[in-house]
Amino acid sequence: MDRKRIGFVQDRKKEGEDSKKSHRESPETKAVDKVKIALSQFIRENFDTSGDTEDKDFKTSAELAYMLRESIRPSVSLVSTVMEELGFRLTFIEGVPHWSIYLKDTDSYPD
């Protein structure tokens with residue numbers, strides 16, 4: 001005879017099923033992952049975490065999201081998350097957080 005526990009204890013079978021359901025990816029999660037991959041690729045191709053002083057620039061997360069508005073439309077919080085994961089540093093200018101970025105030479109022509 002199976003006895004059920006009294007109280008606020010979940011059934012272990014149900015607990016296992018719930019964890020399996022949570023591991024399945026929803027369409028929204030997949031879409032966010034695609035945007036995140038495209039965003040990190042864009043950032044790696046155009047910006048660096050260190051470099052020459054003349055290549056240094058400051059951009060807010062909103063400015064970076066605005067730059068990509070036509071292609072992938074990332075949210076400002078997603079831009080912040082990706083920039084942090086890639087190792088960029090925040091600098092506060094007049095109380096507003098800006099990312100310290102170094103522009104890569106994409107338009108360099110051989111002499």
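Just a few scattered comments:
- Residue match in the range 67-74 (condition: of a type in the set (A, V, I, L, M, F, W, C), out of contact with any helix residue (DSSP H, G or I) (no Cβ under 6 Å at 6 or more places or on another chain), assigned to a helix (DSSP H, G or I) and closer than 16 Å to Asp105 by Cα): no
- Single unsatisfied condition, Glu45 versus (1) in a helix (DSSP H, G or I); (2) open to solvent by less than 90 Å² (accessible area, probe 1.4 Å); (3) in contact (Cβ under 8 Å) with a residue 40 or more places away in the chain: (2)
- Flag if Val76 is among the β-branched types (Val, Ile, Thr) and either open to solvent by 50 Å² or more (accessible area, probe 1.4 Å) or over 23 Å from Lys30 (Cα atoms) (or both): yes
- Boolean, Asp55 is modelled with pLDDT of 80 or more and open to solvent by less than 100 Å² (accessible area, probe 1.4 Å): yes
The values are calculated or read from the model by the stated rules, or taken from the named source; none is laboratory data. As the structure is a prediction and not an experimental result, all values here were calculated from the model. Glycine also receives a Cβ, built like all others from the backbone with ideal geometry; neighbour counts cover every protein chain displayed. For accessibility, only protein heavy atoms count, side chains too; no ligands or nucleic acids. Shrake-Rupley method; radii C 1.70, N 1.55, O 1.52, S 1.80 Å.
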